[in-house]
1. What are the residues in the range 126-162 that are touching a strand residue (DSSP E or B) at 6+ places or on another chain (Cβ under 6 Å) and not in a loop (DSSP other than H, G, I, E, B), if any?
2. Here are the criteria: (1) open to solvent by 10 Å² or more (accessible area, probe 1.4 Å); (2) within 15 Å of ligand 2 (Cβ to nearest atom). Tell me which single one C104 does not satisfy.
3. Go through (1) within 16 Å of ligand 1 (Cβ to nearest atom); (2) out of contact with any strand residue (DSSP E or B) (no Cβ under 8 Å at 6 or more places or on another chain) and name the single condition D165 misses.
4. Among the residues of the range 8-38, which ones are touching a residue at least 12 places away in the same chain (Cβ under 8 Å), over 30 Å from S188 (Cα atoms) and open to solvent by less than 70 Å² (accessible area, probe 1.4 Å)?
5. What do you reckon, is G129 touching a helix residue (DSSP H, G or I) at 6+ places or on another chain (Cβ under 8 Å) and not charged (D, E, K, R)?
6. Residues of the range 104-118 being of a type in the set (A, V, I, L, M, F, W, C), over 20 Å from Y137 (Cβ atoms) and either at pLDDT 95 or above or not in a helix (DSSP H, G or I) (or both), which ones?
7. Provide a single number: the residues in the range 93-132 that are more than 17 Å from L183 (Cβ to Cβ) and either of a type in the set (G, A, S) or within 16 Å of ligand 1 (Cβ to nearest atom) (or both).
8. Pairs only if they're at least six apart or on different chains, beta carbon under 9 angstrom, first in the range 52-67 and closer than 16 Å to R81 by Cβ and in contact (Cβ under 8 Å) with a residue 40 or more places away in the chain, second open to solvent by 70 Å² or more (accessible area, probe 1.4 Å) and part of a strand (DSSP E or B); list them, first residue then second.
Amino acid sequence: MIRLKNIHKTYHSPGRVSHALAGVDLHIRQGEVFGIIGRSGAGKSTLIRMLNLLEHPTQGEVWVGGQNITAMSDAQLRRFRHGVGMVFQHFNLLRSRTVLDNVCFPLRLTGMARREQLQRAYEVLELVGLTDHAAKYPRQLSGGQQQRVGIARALANRPELLLCDEATSALDPETTQSILRLLLDINSRLGITIVLITHGMDVIRSVCDRVAVIDAGFLVEVGDVLDVFLHP
Ligand code: ADP
Ligand code: ADP
């Protein structure tokens, strides 16, 4: 489903050049839960943001669902991004909008009729168990509930791919487990491919089929979770 071909990403800031990714080749299969783990600064965010081209590679190609997204026009890319959901560490909800409006937000951007927006929004709110909270504001919810809203918003467009950027890193261990169970449920019930980045080994162990280990911009290992982490 996803292929990264020889991806390099170099950032130039005044007096400093950083090689965030150096020759990354990666294949992520349709329907799997794929984890990317590494230390802070290893290149995880840069890598996951390549999958919807929030970051463009300095060199290399990104293929998703048989399409070379690095060759797309801006208009094609906008359409492509509607089919990719993203979940963030700090939820990124709009504080002045209700839960319902937060979930409708990406649907409005596609020009969908209000009636259909609402139907979709209630569908995904039900999926994450928040139907009763639709009229509340984010500040009236717990962290775990806010992340459920973030997940509902990411699913509203019925994506085939869900990208999770440290989605549980701001949550306590118990809430982390319930969000991870929800992600697994989404993966198995809806068949959505999930790519997540984390610095937490426990996150990888509890939900991922396969994992890539990244260090200083290089992929140092890729494989089944059990194979990669059985090594001493
Ligand atoms: P991680 O997500 O694993 O913490 P990042 O992908 O955020 O790693 O960063 C990888 C490297 O690229 C780091 O050295 C970081 O400082 C650098 N980097 C990331 N984003 C930028 C940017 N916008 N400008 C300059 N350097 C950046
Ligand atoms: P339907 O075609 O009737 O929508 P599906 O088998 O496609 O039925 O989906 C089962 C349930 O999951 C429905 O409530 C559907 O709306 C919901 N659903 C399907 N795909 C997604 C998705 N990508 N994101 C969120 N909800 C979805």
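1. Hits for the range 126-162 are G150, I151, A154, L155, L161, L162.
2. Tallying (1) open to solvent by 10 Å² or more (accessible area, probe 1.4 Å); (2) within 15 Å of ligand 2 (Cβ to nearest atom), C104 fails exactly one: (1).
3. Only one criterion in (1) within 16 Å of ligand 1 (Cβ to nearest atom); (2) out of contact with any strand residue (DSSP E or B) (no Cβ under 8 Å at 6 or more places or on another chain) is unmet by D165, namely (2).
4. Within the range 8-38, H8, K9, T10, A20, L21, A22, G23 meet the criteria.
5. Numbers: touching a helix residue (DSSP H, G or I) at 6+ places or on another chain (Cβ under 8 Å): yes; not charged (D, E, K, R): yes.
When the stated conditions are applied, G129 passes them.
6. Applying the first criterion (of a type in the set (A, V, I, L, M, F, W, C)) to the range 104-118 yields 104-105, 107, 109, 112-113, 118.
Retained after the next criterion (residues that are over 20 Å from Y137 (Cβ atoms)): 109, 112-113.
The answer is M112, A113.
7. 4
8. V62/R3; V62/K5; W63/R3; W63/K5; V64/R3
The values are calculated or read from the model by the stated rules, or taken from the named source; none is laboratory data. For clarity, every value in this text was computed on a predicted model and none was experimentally measured. FYI the Cβ positions are ideal-geometry reconstructions off the backbone, even for glycines, and counts take in every protein chain you see. With ligands, DNA and RNA removed, areas are computed over all heavy atoms of the protein, side chains included. Shrake-Rupley method; radii C 1.70, N 1.55, O 1.52, S 1.80 Å.
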